Every structure is written in C-alpha cells, then in structure tokens.
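Student: Please read through the structure below; I'll follow up with questions.
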Amino acid sequence: TQIAANLHQDINTTLNNINLLSEMAKIKADKDIDRSKEYIEQISEKSHNMIIAMDDMLWSINPANDNMDKTILRMKEFVEALKNRYGAGMQMVVDNEVRSLKTDMATRHEIFLVFKEILRDMVLRTPEGQFLINIDLVRSRLYLKIHDTSPNAGASVNSVTMAGMKKRVEAIGAELDIQTVKEGVAVILLVPVKQ
C-alpha cells in the first residue's frame, strides 16, 4: 500500500510537471524557440526518470525478486550502469550473510532507492571519483557504506539529496550519516534487520 501511494504521488507530480512544461513549450514554440527547446528537454528528462522509477517499482513488487540476493544483484547492475556511463571507478563488496537476510519488500525497496539516489548524486558531483561500496551485517543491522576516496570527495555529497532521503530512511527505522574521513567522504546507511 505504501509503495502504491508513493508511486501514485510520484506519477501525479511528474505528469503535472510534464503537462505544465508542454503548455509552456507550446506558447514559446513560435516566439522563443530556444526556450521551447529547454522545456522539451525537461519533458524528456522527467519522462525518462519516471520510466526508471516505474521500472524500479514494478521490479520491487514482482514476487520473483522477493529476496535480498536479487536486490544485491539489482544494485550491482546499477553500479555497472553508472561505471559505463560516467567512467567512475567503482568496487562493490558484499558480505555473504547479507544475501540471505529476510527483509520485507518495502524495506528492500527503500534500501535500494536510497542507495541509488545517493550513489547517483555522488557520481554526478565527482565523476572522476573512486567509489568503494560495502554492504555488511553489523550487530543485527545492515551496514551500507558508499565511500568516495577521491581528492574532491568533499563535494560529492549533496545536503539536499541527503535531506530528501530522510523520509525514506525514517520509514524503515534506519539511520543515515555522512562521515568525513582521512581518505575522502563516506555516506553510511544502517538498517535494523532480523537474522
């Protein structure tokens, strides 16, 4: 129900934005071609993002994907896609115990979306970054760490993105933290899980 409500809200907001942008593009089509092109580009980007969000949602609710092992595989696919698109250095290390965790669908979905959003944002801000992703089990909590070890790592965490993740993190009783370390910056997600 929560996933359906989130999807409904996302679709409604995006379609309203696309509708508004298309009306503005129509108005500017004859008088301001450059502005009209900007609106069309925004329409394209928003619709592309909605397609991805729909794909993630449908993947999450498919019973065939109802386990942590499949979620890890989906995360690895996302990492590979980012590597291929931006050329960032990325390595993902997953503890075998994590693969057999019994978590509910909503928790796995939120973990995946937080992971995706933060990693994408970090890569966009420092495409030359060197990212190490660790997923472990630490004292009955799933421990997800995204560590950018590049010299410009301080610029790789967007406070707006972090604030946007707060609601998702709270929904699953998790904690999200940024740590500036000797070698770069790390974002850590801690999610309570049953073993």
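The values are calculated or read from the model by the stated rules, or taken from the named source; none is laboratory data. As the structure is a prediction and not an experimental result, all values here were calculated from the model. All Cβ positions, even for glycine, are placed from backbone atoms using ideal geometry, and neighbour counts span all protein chains on display. Areas reflect the complete protein model, heavy atoms only, side chains present, ligands, DNA and RNA absent. Shrake-Rupley method; radii C 1.70, N 1.55, O 1.52, S 1.80 Å.
Student: Among 51, 169, 79, whose Cα sits farthest toward the positive end of the charge dipole of region 44-195 (+1 at Cβ of Lys/Arg, -1 at Cβ of Asp/Glu, about the Cα centre)?
Tutor: About the Cα centre, the residue reaching furthest to the positive side is 169.
Student: How would 70, 182, 166, 194 line up by accessible area, probe 1.4 Å, largest first?
Tutor: Largest accessible area first, the residues go 182, 194, 166, 70.
Student: Are any of the pairs 76/182; 83/145; 83/167; 102/167 more than 25 Å apart by Cα-Cα distance, and if so, which?
Tutor: 76/182; 83/167
Student: If you take P(r) over Cα pairs in 10 Å bins from 0, in percent from the coordinates, which of (i) 9, 38, 38, 13, 2, 0; (ii) 8, 31, 30, 21, 9, 1; (iii) 8, 31, 34, 19, 7, 2, 0 do you get?
Tutor: From the options (i) 9, 38, 38, 13, 2, 0; (ii) 8, 31, 30, 21, 9, 1; (iii) 8, 31, 34, 19, 7, 2, 0, the structure gives (iii).
Student: Rounded to the nearest 10 degrees, what's the angle between the helix 68-86 long axis and the longest principal axis of the chain, both from Cα atoms, 0 to 90?
Tutor: 50 degrees
Student: List the trypsin sites (Lys or Arg not before Pro) within region 100-141 that DSSP assigns to loop and that have no more than 11 neighbouring Cβ atoms inside 10 Å.
Tutor: Taking region 100-141 and a limit of 11 other Cβ atoms within 10 Å, the loop trypsin sites (Lys or Arg not before Pro) found are 102, 139.
Student: Roughly how big is region 1-128's charge dipole about its Cα centre, with Cβ charges of +1 (Lys, Arg) and -1 (Asp, Glu), in debye to the nearest 20?
Tutor: 120 debye
Student: Please work out how much length the chain gains when fully extended from residue 83 to residue 5, using 0.36 nm per residue of separation minus the C-alpha to C-alpha distance, in nm with one decimal.
Tutor: 24.9 nm
Student: Any chance you could run the full-extension gain for residue 23 through residue 141? It's 0.36 nm times the residue separation minus the Cα-Cα distance, nm to one decimal.
Tutor: Roughly 37.7 nm would be gained on extension.
Student: Please work out the ratio of the alpha-carbon Rg of region 127-177 to 2.2 N^0.38 Å and round it to two decimals.
Tutor: Its radius of gyration relative to the 2.2 N^0.38 Å reference: 1.30.
Student: Output needed for region 1-50: three equivalent-ellipsoid semi-axes, defined as square roots of 5 times the C-alpha gyration tensor eigenvalues, in descending order, whole Å.
Tutor: Each semi-axis is the square root of five times an eigenvalue, giving 28, 9, 4 Å.
Student: Sticking with this one: On C-alpha positions alone, give me the angle between the axis of helix 33-61 and the longest principal axis of the chain, in degrees, nearest 10.
Tutor: The helix 33-61 is inclined about 30 degrees to the chain.
Student: While we're looking at this one, here's another question. What is the spin-label model distance, in nm, from residue 179 to residue 16 if the labels are put 7 Å beyond Cα along the C-beta direction?
Tutor: 4.0 nm
Student: On to the next question. Would you list 48, 8, 109 from the most to the least accessible area, probe 1.4 Å?
Tutor: Highest to lowest solvent-accessible surface, that is 8, 48, 109.
Student: Sticking with this one: Would you tell me the accessible area of residue 56, worked out with a 1.4 angstrom probe on the heavy atoms of the protein chains, in Å² to the nearest 10?
Tutor: Looks like 10 Å² after rounding.
Student: Test of the criteria: in region 1-67, which trypsin sites (Lys or Arg not before Pro) are in a DSSP loop and have at most 12 other Cβ atoms within 10 angstrom of their Cβ?
Tutor: 31
Student: Next up: Based on Cα positions only, what radius of gyration and what Dmax would you give for region 78-147, in angstroms?
Tutor: When restricted to the Cα atoms of region 78-147, Rg and Dmax are 12.8, 36 Å.
Student: Next question, about the same structure. Pop out the ³J(HN,Hα) list for region 98-109 in order, Karplus 6.51 cos²θ - 1.76 cosθ + 1.60 with θ = phi - 60°, rounded to Hz; leave Gly and Pro as x.
Tutor: Couplings: 5, 4, 9, 4, 9, 10, 7, 4, 4, 5, 4, 4 Hz.
Student: Explain nothing, just compute: Karplus ³J(HN,Hα) = 6.51 cos²θ - 1.76 cosθ + 1.60, θ = phi - 60°, for every residue of region 174-187 in order, whole Hz, x for Gly and Pro.
Tutor: Using θ = phi - 60°, the values come out as 9, 10, 10, 9, 10, 10, 8, 10, 4, 10, x, 9, 9, 10 Hz.
Student: If you don't mind, another one. Once Rh is set to the Kirkwood radius over Cα pairs, what Stokes-Einstein translational diffusion coefficient, in µm²/s, holds for region 1-96 at a temperature of 10 °C and a viscosity of 1.306 mPa s?
Tutor: Estimated via Stokes-Einstein, D reaches 98 µm²/s.
Student: Moving on to the next point. Would you mind checking the tilt of helix 159-171 against the longest principal axis of the Cα atoms of the chain, expressed as 0 to 90 degrees and rounded to 10?
Tutor: Computed tilt is about 60 degrees.
Student: Hey, how many Å between the Cα centroid of region 50-75 and the Cα centroid of region 125-176?
Tutor: Centre-to-centre distance over Cα atoms comes out at 20 Å.
Student: List the aspartates and glutamates whose Cα lies under 18 Å from the Cα of residue 37, skipping any in the same chain that are fewer than 8 positions away.
Tutor: 23, 45
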